[in-house]
1. Nearest 10 degrees is fine. How inclined is helix 12-38 to the longest principal axis of the chain, computing both from alpha carbons?
2. Highest first, please rank the peptides 51-59, 17-25 by the mean number of other Cβ atoms sitting within 10 Å of their residues.
3. Tell me, what HN-Hα J-couplings in whole Hz come from the Karplus equation 6.51 cos²θ - 1.76 cosθ + 1.60 at θ = phi - 60° for each residue of the stretch 56-65, using x for Gly and Pro?
4. Against the longest principal axis of the chain, how steep is helix 112-147, in degrees 0 to 90 to the nearest 10, with axes from Cα atoms?
5. Once the piece of chain linking residue 26 and residue 63 is laid out straight, how much longer is it, given 0.36 nm per residue of separation minus the C-alpha distance between them?
6. For the chain, what relative contact order do you get, as a whole percent, if you take Cα pairs closer than 8 Å and at least 6 residues apart?
7. Once the Cα atoms of the chain are picked out, what are the Rg and Dmax in Å?
Amino acid sequence: MRPSARPPALTAHTRGVRAVAAVAAVVTVAAGLAVRAGADGAFAKYAGSALYTVLLCTLVALCAPRARPAAVASTALGLSWAVEFAQLTGVPAQWSAHSTAARMVLGSTFNAPDLLWYAVGAAAAWAVQAGVRRRAASAAGRVAGAAVPR
């Protein structure tokens with residue numbers, strides 16, 4: 001492999017983003033399980049839908065740590081919508097009948113309001129990720145500014 005064709009080495013920033021994304025994924029799963037255990041009805045259903053997309057955002061950020069928050073949220077939203085629209089085919093329902101994992105990931109029945117709640121989850125994840133990036137950039141600027149002699 002030519003030196004210029006090698007993938008760039010993992011930077012401290014990339015490792016940090018991946019670490020935060022991994023922790024966020026665990027926290028999101030815990031939140032989803034807590035909602036499922038402690039609530040029912042519409043709140044639990046739609047909170048679960050929003051958290052599904054938040055989890056996808058964390059996984060996209062884990063896989064693409066240099067991606068901008070808008071790209072991460074858009075990708076996760078697109079995946080969420082694709083899964084929801086796939087439910088119109090009946091294939092996820094067939095797979096879900098035979099696998100708990102498939103039921104958790106793919107669902108089984110199309111529900112139009114889920115499309116809105118996926119967008120809510122993507123927007124929330126975008127806001128958090130954008131805020132964290134701004135704070136990190138601001139902190140890096142302060143550290144870099146402090147190192148410059150005046």
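1. Roughly 30 degrees between the two axes.
2. Descending mean neighbour count gives 51-59, 17-25.
3. 4, 4, 5, 6, 5, 5, 5, 7, 10, x
4. The two axes meet at around 10 degrees.
5. Contour length minus Cα-Cα distance gives 11.8 nm.
6. That works out to 23 percent.
7. Every Cα atom of the chain included, Rg and Dmax give 18.7, 68 Å.
We did not get these values from a lab; they are worked out from the coordinates using the rules stated. Treat the numbers as computed from the prediction; the structure is a model and nothing was measured. Cβ atoms come from the backbone with ideal geometry, glycine included; neighbour counts cover every protein chain shown.
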